[in-house]
Amino acid sequence: MPVFLSVIVPLYNEEPVLRELVERLTSVLSVYRDDYEVILVNDGSRDRTLPLAKDLCLRDRKVKLISLSRNFGHQIALTAGMDMASGRVVVTIDADLQDPPEIIPEMVNRWKEGYQVVHGVRNKRKGEGIFRHAAIFLFYRFLRKTTTIDITVDSGDFRLMDRKVVEELKTMRERNRYLRGMVSWVGFRQTELEYVRERRFAGETKYPFRKLARLAADGILSFSRFPLKLPMAIGCFCTLASALLLLCAVLANLAGPGKAVPVWVYGLLLVVFLGGVQLIAIGMLGQYVGRIYEQTNERPMYVIGEQVNFEPAGGNAGPDG
Ligand code: UDP
Ligand code: MG
């Protein structure tokens with residue numbers, strides 16, 4: 001049966017925090033009486049997360065569990081949760097209580113004001129190293145500069161989404177998922193809610209720098225054309241600059257034997273010129289690869305927000321209600 005609110009929590013080795021998490025969620029969500037569900041997604045944990053989660057499900061029918069057969073990664077775990085969620089409103093939250101569940105009712109209030117997406121935006125981070133912090137800060141600024149969509153800076157995966165948004169995301173089956181970007185891509189009315197990011201309640205981060213870097217790469221490769229344009233830009237620069245210098249060298253030679261340019265300079269400039277031409281060719285290939293990527297990731301071409309005076313189109317494109 002559909003409920004009003006679904007809360008999705010991905011779990012990877014979260015045994016030390018799980019009990020506390022479900023307690024805090026249950027007490028915050030009690031204002032919605034029975035009209036909510038908590039969906040735990042076990043992402044192939046190697047500790048006792050799974051039996052503990054099953055135990056919690058036995059005690060409270062509103063706590064549900066999906067257990068993936070192995071570790072598929074945070075973004076895919078969230079996707080599995082969204083596929084199963086029935087809520088009119090869906091919230092995704094990390095298990096470690098870095099995102100305070102107490103903010104959820106505030107997010108729901110924003111939704112009531114008419115927003116379809118509410119991004120939790122962290123205005124402070126506690127308990128994260130300065131290097132990690134700086135890398136994340138720079139990454140978001142870079143992504144924002146180089147992408148055409150309006151990606152929310154400094155938002156994690158603590159966010160509220162309306163059913164319409166979830167239905168759109170469910171149609172996007174790309175394998176390398178960067179949900180923050182995908183949610184921004186979908187559009188609709190989006191807003192931000194600031195909160196202070198706490199320390200991890202227990203356990204340690206499941207995002208070692210390697211995984212974080214992969215997520216960042218997914219973000220940039222899926223939502224920015226910058227890497228494709230780079231060879232073209234460098235190639236054009238090399239070609240133009242070397243062609244100009246070659247011209248200067250020839251003119252200098254014509255001007256008189258005293259100003260003659262040594263032959264090796266010609267050789268060098270020719271090599272740079274050819275390198276530039278090759279880079280341009282790679283850049284052109286890149287443009288095609290970019291198009292092939294866009295065609296194969298099977299995103300819908302556009303998303304309808306509302307429509308007026310049309311027969312209600314089956315499912316996700318109809319007006320409110
Ligand atoms: N997580 C997951 N699969 C993974 C890695 C992480 O489901 O492969 C979950 C993890 O249990 C947590 C959330 O994703 O609920 C965010 O992970 P974490 O808190 O370790 O990331 P950080 O806050 O350090 O960036
Ligand atoms: Mg965390």
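The values are calculated or read from the model by the stated rules, or taken from the named source; none is laboratory data. For clarity, every value in this text was computed on a predicted model and none was experimentally measured. A quick note on method: Cβ atoms are made from the backbone with ideal geometry, for glycine too, and the neighbour counts reach across all protein chains shown. In case anyone asks, the SASA skips ligands and DNA or RNA and just uses the protein heavy atoms, side chains included. Shrake-Rupley method; radii C 1.70, N 1.55, O 1.52, S 1.80 Å.
Which log10 I(q)/I(0) values does the chain give at q = 0.06, 0.09, 0.10, 0.13 Å⁻¹ under the Debye formula, counting every alpha carbon as one identical point scatterer?
Values, matching the q order: -0.30, -0.57, -0.66, -0.98.
Quick check: pseudo-label points 7 Å beyond the Cα along Cα→Cβ at residue 213 and residue 88, how many nm apart are they?
Result for the modelled spin labels: 4.6 nm.
Obtain the nm distance between the two label points defined at residue 153 and residue 176 by a simple spin-label model: each point lies 7 Å from its Cα along the Cα-to-C-beta direction.
With each label point 7 Å from Cα toward Cβ, the separation is 2.5 nm.
Percent of accessible area on the chain owned by carbon and sulfur, 1.4 Å probe?
C and S atoms contribute 61 percent here.
Using all alpha carbons of segment 213-277, what is the percent of pairwise distances in each 10 Å bin, ordered from the shortest bin to the longest?
Calculated P(r), rounded to whole percents: 20, 31, 20, 14, 9, 4.
Could you calculate the FRET efficiency of residue 233 with residue 295 from 1/(1 + (r/R0)^6), where r is the beta carbon distance between them and R0 is 22 Å, rounded to 0.05?
0.35
To the nearest 10 degrees, how steep is helix 263-296 against the longest Cα principal axis of the chain, on a 0 to 90 scale?
Around 30 degrees separate the two axes.
What list of ³J(HN,Hα) values in whole Hz, one per residue of segment 17-27 in order, does the Karplus curve 6.51 cos²θ - 1.76 cosθ + 1.60 (θ = phi - 60°) give from phi, with Gly and Pro shown as x?
With the stated coefficients, segment 17-27 comes to 10, 4, 4, 4, 4, 5, 4, 5, 4, 4, 6 Hz.
Helix 209-223 against the longest principal axis of the chain: what's the angle in degrees, Cα atoms only, rounded to the nearest 10?
Around 70 degrees separate the two axes.
Could you sort out which of 54/124; 64/124; 62/211; 126/206; 206/229; 112/145 sit more than 28 Å apart by Cα distance in this structure?
54/124; 64/124; 62/211; 206/229; 112/145
At a threshold of 8 angstrom on Cα-Cα distance, excluding pairs fewer than six apart, so keeping six or more, what relative contact order does the chain reach in percent?
17
Can you give me the distance in nm between label points at residue 261 and residue 59, each placed 7 Å from the Cα along the Cα-to-Cβ direction?
7.9
Compute, for residue 191, the solvent-accessible surface of its heavy atoms (probe 1.4 Å) with the complete set of protein chains present, and express it in square angstrom to the nearest 10.
Taking all protein chains as shown, residue 191 has close to 20 Å².
Just going by the charge dipole of the chain, with Lys and Arg at +1 and Asp and Glu at -1 on Cβ, which of 215, 137, 260 is farthest out on the positive end?
The one lying farthest along the dipole's positive direction is 260.
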